[in-house]
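This report concerns only the one structure given below.
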Ligand code: HEM
């Protein structure tokens, strides 16, 4: 979508983009001694700098290739098309990572949760059938009429925030509660833990979208909780000036994509060994470490059509 190209296939470029995004999110989540201990700041003890330079070079050349192709197409259409800056800049790389892997990952976790919680899946499908029907595909304008789907998205963000840690650096000494934070400190907010904290959420390990539909505090903070950065229990997009600028796009494309996937299909799962899972088998929900909370194993599913609104 960012580059107006299809990246869903398994051709060289799509695969290369997926591998690179995966490597970036993996390396950013690693603990680099040189970042933390001043004495080692110029030493690449763990080889991260070397790996990072290599990823950066490959990232640059992939984006440069995509951008040049786009330029050629544009030049053909409009003879005076010209790119002002020949180099791929860091913002382009940031956007490529920030805008793609987060939304894809959230959709993957949400689908896995729905497969493991059939009652939730059926309720969501029932809501979509009632509001949208089976003769047309769900679209963005339907979203305000699908409160259960919205609750599923929030519940999924609570348990699986695509970016589990927020990072900030204090620009001056300050006091937060009983803690004194010296100037220049790196601060991490672990949103993954907050989402699973029994002091904040009742029965936190249960995937229970209903908690976001209840006005009472019986299952946690309830219906008034949103993801826009004002409710600190749920901050999937961060908050403040450095909060995610893609929130509006993500909150349209993620629920629409997920809803279309469950409107049109039921999903049979194949386990990491390649064997199709039986009725009551659960999808493995382990995570792997990294900047993003990725699934340890890709979710491999077989779609089984339940309606064909496109036909
Ligand atoms: C489910 C989807 C997404 C999630 C969960 C997500 C989450 C986040 C989070 C947690 C941050 C850090 C915020 C902070 O430190 O307070 C962030 C930053 C960012 N996001 Fe997203 N994001 C998503 C989709 C997108 C999309 C679609 C775009 C672009 C179209 C985007 C672009 C960015 C950029 C450029 C930043 C860096 C902002 C800065 O440093 O000032 N994100 N995102």
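The values are calculated or read from the model by the stated rules, or taken from the named source; none is laboratory data. Predicted model, so just to flag it, every value in this text is computed and none were measured. Here the Cβ is made from the backbone with ideal geometry for all residues, glycine too, and neighbour counts use every protein chain on show.
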Have a look at 121, 137, 143 and point out the one that is more than 13 Å from the ligand (Cβ to nearest atom) and either closer than 29 Å to residue 281 by Cβ or at pLDDT below 85 (or both).
121
Specify which of the listed residues (217, 210) is over 23 Å from residue 103 (Cβ atoms), at pLDDT below 95 and assigned to a helix (DSSP H, G or I).
210
The number of residues in the stretch 133-179 that are within 24 Å of residue 120 (Cβ to Cβ) and more than 26 Å from the chain's Cα centre (by Cα) is 3
Check 195, 177, 222 and return the single one that is under 26 Å from residue 117 (Cα atoms) and either away from the ligand (no atom under 16 Å from the Cβ) or exposed (fewer than 14 other Cβ atoms within 10 Å of the Cβ) (or both).
222
In this structure, is residue 237 at pLDDT 95 or above and either under 19 Å from residue 103 (Cα atoms) or more than 15 Å from the ligand (Cβ to nearest atom) (or both)?
yes
For residue 293, indicate whether it is touching a strand residue (DSSP E or B) at 6+ places or on another chain (Cβ under 8 Å), within 11 Å of the ligand (Cβ to nearest atom) and closer than 24 Å to residue 20 by Cβ.
yes
Residue within the stretch 247-264 that is in contact with a helix residue (DSSP H, G or I) (Cβ under 7 Å, 6 or more places away or on another chain), within 28 Å of residue 127 (Cα to Cα), at pLDDT 85 or above and not in a helix (DSSP H, G or I) present
no
Having 3 or more residues that are out of contact with any helix residue (DSSP H, G or I) (no Cβ under 9 Å at 6 or more places or on another chain) is the bar; report the helices (runs of 4 or more DSSP H) wholly within the stretch 90-185 that clear it.
90-116, 118-131
Count - residues of the stretch 26-51 that are within 16 Å of the ligand (Cβ to nearest atom) and at pLDDT 75 or above
0
